[in-house]
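The values are calculated or read from the model by the stated rules, or taken from the named source; none is laboratory data. Quick caveat, the model's predicted, so the values are computed rather than measured. A quick note on method: Cβ atoms are made from the backbone with ideal geometry, for glycine too, and the neighbour counts reach across all protein chains shown.
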Amino acid sequence: MHINGILIDDTFAEAFPMAYSKLIITADTPALARQAAQAAAGMAISIIGCSCESGLGEALDPAETPDARPGQVLWLYSYSAEKLEEQLFFRIGQAILPSATSACFNGLDSPLTCKPGAKLRYFGDGYQSSKLLEGRRFWRIPVADGEFVLDESFGIGDGVGGGNLLLMGTDRKTALEAAEAAVEAILRVPGAVAPFPGGICRSPSKPKGKYANVPASTNAGYCPTLRSRVETRLTPDAHAVYELVIDGDSLACVSAAMAAAIRAACRPGIIQITAGNYGGKWGKYHIYLHQILRENPA
Amino acid sequence: MRVVLETRQDCTGPISLKGINLPALFHLSQGEIWQLPLNHLSQPFLLGDVFKVDIRDSDGDEVVLRGDTRLLHYCGYGMDSGRVMVEGDAGACAGSGMSGGELVIEGNTGDCLGAAMSGGNISVQGNAGDWCGAALAGESKGMTGGVILTGGNAGSNLGNGMRRGLIAVAGNCKNYAGSCMLAGTILCLEEMGAGAGVGMQRGSLVAGTIQSILPGFSPAGLADTGWLRLYLNWLEENGFTMPASWLEKPPYRFSGDHLAAGKGEILAYEFPQ
């Protein structure tokens, strides 16, 4: 299959079930809400290194938030509900609680929940108190600019992580421009996040490697400088590759985001678009590029 | 199903609905409803002696009380589900002991509205009497859950001994709001009377203005309380029009009652200096 003359490889991305939560962070200004969300998303790039992946969602108007202030959606993904609860506790407590004027609310109705707020309340050192509104408990933790208010419970959903695309370009500049356009398209799909910096990964990886103590290592087949030393995956005229990793709240969401990204990335200077997989042995979901393009028309 | 109970024109005295589980009427025939015993003028009667009963199909389950509804006491007493609508004023103890469902009163109510309730929602378009959301006689706790929204004013001892839940009053309330309160939230959009929060242990009283602050309360500055925005937003969504100024400036905060546990708070936008 070709789009704008660019080859779309007949392959699939191998993706995995992930647990996710949706946080609504509010503050006195949109900038403060976004700042708190960015801090909480910090370094949640890949579960390989920190057991969490995250991305900012949409900015919310006061009319869309529980406390009628500007808000910012933050998505957090992890490989299990237990690990996700750990990350929620850690990231809300470490990043959102200290952020000026912030509050943190659950944004996901789900039968499965965890209670990071029930642990974070102890930061109140005995001065914490709670409010119960329509069965929903909020903790009030005294802080120096007022109170930090957060939900006790956060919903946990069944999401999908590890959707991916590899964009091969004739040079770094054009490959990067295509990747940036693709990330914009991904983030327009509700529920989709691109957890890498700017949504773009320049270091596609493979599991484990030559050294016993590393969980992942560089995917040598996509490194232009190793072209003569390894079995390269690059076409002869490809000199830069960027990977896009996509998590979403459903398989349909990840598929739609990948399809949108492919179309956005089909620009001059891109030679081929492919996806990473492990031969289909590890991931529960196989997202075929040709199929998602047919199912998600432009 | 819609069950309409309309008082007969010859009814003149108080009618207690304490023994009638109104949501259970949906499962009874008209004849069975007529035969239900109730107390009228302190005498035993059958429901059919006092009410005309009309049963109709409708989208949702609802019991409607109409006629001279001022005579009806204990409307929705102990209800746990469904919807009860009072087309007019209600007597005393409406919604007392209820644990679920929705009670809507289009007029005013007598004393003890929602007393000792543990869940559900009560909405009153007019005024509420004394002891709204308070404890029932002989009990130590007031309401332990649920929501009471009052479109008019409320009487004295609003939320006395309240343990949990929310009471919001669009107008004024008389003296001793939140007296002996254990926890929960009371909002009075206009003026709260004297003696507010006397003996309160925990919980929150919020008032547009307050007549006086008891000596058991100490000033705690301006309160930018996130939870209050949450509640105000929720009330707006539920048809309560909030004063614009409440969303623009923080209220003054007083903590107390230090003669009790002292973990309660009064938030007031204006108070006597």
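Points to keep in mind about this one:
- Residues (surrounded by fewer than 17 Cβ atoms within 10 Å (Cβ to Cβ) and within 12 Å of chain A (Cβ to nearest Cβ)) located in the range B:215-236: B:ALA220, B:GLY221, B:LEU222, B:ASP224, B:GLU236
- Of residues in the range A:44-58 being out of contact with any helix residue (DSSP H, G or I) (no Cβ under 6 Å at 6 or more places or on another chain) and within 15 Å of A:ARG34 (Cα to Cα), the one farthest from the other protein chains (Cβ to nearest Cβ): A:GLY55
- Among residues of the range A:204-232 being touching a strand residue (DSSP E or B) at 6+ places or on another chain (Cβ under 8 Å) and charged (D, E, K, R), the one that is nearest to A:GLU177 (Cα to Cα) is A:LYS206.
- Looking only at the range B:131-167, and only at residues there that are surrounded by fewer than 24 Cβ atoms within 10 Å (Cβ to Cβ) and not in a loop (DSSP other than H, G, I, E, B), the one that is farthest from the other protein chains (Cβ to nearest Cβ): B:LEU149
- For the range A:115-166, a residue qualifies if it is of a type in the set (S, T, N, Q) and in contact (Cβ under 8 Å) with a residue 40 or more places away in the chain, and the qualifying residues are A:SER153, A:ASN164.
- Residue in the range A:244-252 that is surrounded by 19 or more Cβ atoms within 10 Å (Cβ to Cβ), outside any strand (DSSP E or B), among the aliphatic types (A, V, I, L, M) and free of Cβ contacts under 8 Å to residues at least 40 places away in the same chain present: no
- Scanning the range A:154-193 for residues that are polar (S, T, N, Q), part of a loop (DSSP other than H, G, I, E, B) and surrounded by 18 or more Cβ atoms within 10 Å (Cβ to Cβ) turns up nothing.
- Residues of the range A:188-212 classified as in contact (Cβ under 8 Å) with a residue 24 or more places away in the chain and more than 20 Å from A:GLY276 (Cα to Cα), total: 4
- Looking only at the range A:228-243, residues that are surrounded by 17 or more Cβ atoms within 10 Å (Cβ to Cβ) and over 16 Å from the mean Cα position of the chain (by Cα) come to 7 in all.
- If you go through the range A:16-43 and keep only what is of a type in the set (D, E, K, R) and more than 14 Å from chain B (Cβ to nearest Cβ), you end up with A:LYS22, A:ARG34.
- Among the residues making up the range A:143-181, those that are touching a strand residue (DSSP E or B) at 6+ places or on another chain (Cβ under 8 Å) and within 14 Å of chain B (Cβ to nearest Cβ) are A:GLU147, A:PHE148, A:VAL149, A:LEU150, A:ASP151, A:GLU152.
- Boolean, B:GLY239 is on the phi > 0 side of the Ramachandran plot, more than 13 Å from chain A (Cβ to nearest Cβ) and not in a helix (DSSP H, G or I): yes
- All told, B:SER118 falls short of being modelled with pLDDT under 95 and not in a strand (DSSP E or B).
- In the set A:PRO197, A:PRO204, only one residue is at negative phi, surrounded by fewer than 18 Cβ atoms within 10 Å (Cβ to Cβ) and either not assigned by TED's automatic domain parsing to the domain that holds A:ILE273 or not acidic (Asp, Glu) (or both); that residue is A:PRO197.
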